[in-house]
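Enquirer: Shown below is the structure under consideration.
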Amino acid sequence: MDEAVPVRFTQDAEWWRSAVIYQVYVRSFADGDDDGIGDLRGVRERLPYLAELGVDALWFNPWYPSPFADGGYDIVDYRSIHPWFGSLEDAEALIAEARELSIRTIIDVVPNHISDQHPWFQEALAAGPGAPARERFWFHPGKGEDGATIPTRWVSSFQGSTWTRTTTAEGTPGEWYLHLFTPEQPDLNWNHPDVRREHEEILRFWFDRGVAGVRIDSAALLVKDPELLEVGESADGSHPIQDRDELHDIYRSWRSVADGYPEPRVLVGEIWLDDVDRFAAYLRPDELHTAFNFDFMTRPYLAASLRESIDRTLRAHAPVSAPSTWVLSNHDVTRPVTRYGREKSGFAFLDKRFGTPTDLALGTRRARAMSLVVAALPGCLYIYQGDELGLPEVEDLPLERIEDPMHYRSGGVDPGRDGCRVPLPWSGGLPPYGFSELAEPWLPQPDDWGSRTVAAQASDPHSMLALYRRTLAARRSSDALRHGDFAWLTGFSADVLAFRRGDDMVCILNMGETPVPLPAGDVVIASGPLSDDLLPRDTAVWLQTASAPVDAENQG
Ligand code: GLC
């Protein structure tokens, strides 16, 4: 399929090192058939919007057939498209049309678990204890005489237990099966050759259709301790369900699949690990290309913390020669304009609560400034749909409309993730804001989003959308920003982040009260108004300087 690549498409095999990647949550992007649910036709119709925004690639959240017990991360068939979203032909057309616009496609693969409706799991349930079909999963007898005690006390990423007990054909309690997420998402056994083979074939299936890469869901969780030890019980300090050494072999094998294509395909890991060196080990040259930098995403809006995160990120990536990624949000976390408008501006899943006081005007100023910072840092940039419109988290969804299992499994304490998954506003003054024509969107949109639509923002030079468009255009045309080295600038107070890229590009964010005098240079872009060459609080600027600024501490 590579021969068919259009001429205009950049052939740079290293494109993923500095790409801007836009995350499409299909269900909420644009509804092409007016049933209230976003779909591939909707994305195809809006490709010109994405091209104008200036992105290099799209990452699609899972688009496969699924009962949607967890937003589509419970897959029934990895080689087809959910009927809500369209057909395989629509996906192929979308991939090809995007390539015509020089936009690559990355899809989500979910190797840790499948849907409980997947034929493999249904077969395993029907086959009963001891059957080979159960070997593809983690079926286990319970502890105690009646087997009523769960096999381990491992805690689910969604809170609560990780085991569910089955019922035998006779209607009596049977074996338990493992699920790190919901019971509708049974974990696969990665020691089983079928599991490994199947997933490599899935990769080839999509790579053969022109997909440029995959985002690997829950990438550090696939392998489990077969001894079923509890956390902290192993002699070698290994964790029973996270970051196990055997994972690296799996990804080496995936890498050879990806490298087998004339234009090598890209592997992006969803890896939540505190230990930055263990994190970077996945990015060795024969493993994954990149992984999401969640450390930076979860930091509070504080200069010292962000500076420390940038340092440790760049330090950890350098020895493995992998680019860092910069991510302000995704479909799992609170929207930046909301988060940065709070007293606790960092992100932690367990901290989410209804009714947290938020100053949206402040959060928006800060999110604008942070968008300039991340776009100026070396590496790859991710933008979650709607962040370019400055959409806030929707926090007053009617409770009965919430779908996210995180909400239910927390006993209703955690609002869940639907608040960042509300359908995008495209035009008009009232819901559905051009998302669908007449149909009611699957999640209700706020009544006050008229000024946040694409149409309203496209004609306003001060809008978030205008800022994103200018920022991405400037990044694209600057060699320094795409390829230049990075160094902090000294001579600024502790609440200012100031760094240069290459010889002539400088980014400064003032997080302190006192306005900061701007060094000599031309303002390329500013996140807010400047006054008399002073950079006000919560404002960031890019400056083009005549030569390398003095005082740069080169960090290589
Ligand atoms: C990842 C996804 C999240 C999903 C979970 C289970 O963290 O980003 O949305 O719920 O995996 O698949």
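The values are calculated or read from the model by the stated rules, or taken from the named source; none is laboratory data. These figures come from a predicted structure and were not determined experimentally. No Cβ is skipped: glycine too gets one built from the backbone with ideal geometry, and neighbour counts run over all protein chains shown.
Enquirer: Got a sec? Which helices (runs of 4 or more DSSP H) wholly within the range 269-379 have at least 1 residues that are more than 16 Å from the ligand (Cβ to nearest atom) and among the acidic types (Asp, Glu)? Break it down into steps so the answer makes sense when it comes.
Expert: Details: elements: 276-281, 294-298, 303-317, 336-339, 360-376.
The helices (runs of 4 or more DSSP H) meeting that bar are 276-281, 303-317.
Enquirer: May I ask you to say which residue of PHE296, PHE292 is out of contact with any helix residue (DSSP H, G or I) (no Cβ under 8 Å at 6 or more places or on another chain), aromatic (Phe, Trp, Tyr) and either touching a residue at least 60 places away in the same chain (Cβ under 8 Å) or crowded, with 16+ Cβ neighbours inside 10 Å (or both)?
Expert: PHE292
Enquirer: CYS507 versus (1) surrounded by 20 or more Cβ atoms within 10 Å (Cβ to Cβ); (2) within 24 Å of the chain's Cα centre (by Cα); (3) not assigned by TED's automatic domain parsing to the domain that holds ARG307: which is the lone unmet condition?
Expert: All conditions pass for CYS507, except number (2).
Every residue, every condition in (1) polar (S, T, N, Q); (2) surrounded by fewer than 24 Cβ atoms within 10 Å (Cβ to Cβ); (3) touching a Leu at 6+ places or on another chain (Cβ under 7 Å), yes or no:
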site: ILE310; (1), (2), (3): no, no, yes
site: ALA316; (1), (2), (3): no, yes, no
site: VAL337; (1), (2), (3): no, no, yes
site: ALA348; (1), (2), (3): no, yes, no
site: PHE354; (1), (2), (3): no, yes, no
site: THR358; (1), (2), (3): yes, yes, no
site: GLY363; (1), (2), (3): no, no, no
site: VAL373; (1), (2), (3): no, yes, yes
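Enquirer: Could you identify the single residue in ASP243, ASP275, ASP217, ASP249 that is over 28 Å from ASP74 (Cβ atoms) and among the charged types (D, E, K, R)?
Expert: Going through ASP243, ASP275, ASP217, ASP249 in turn, the sole match is ASP275.
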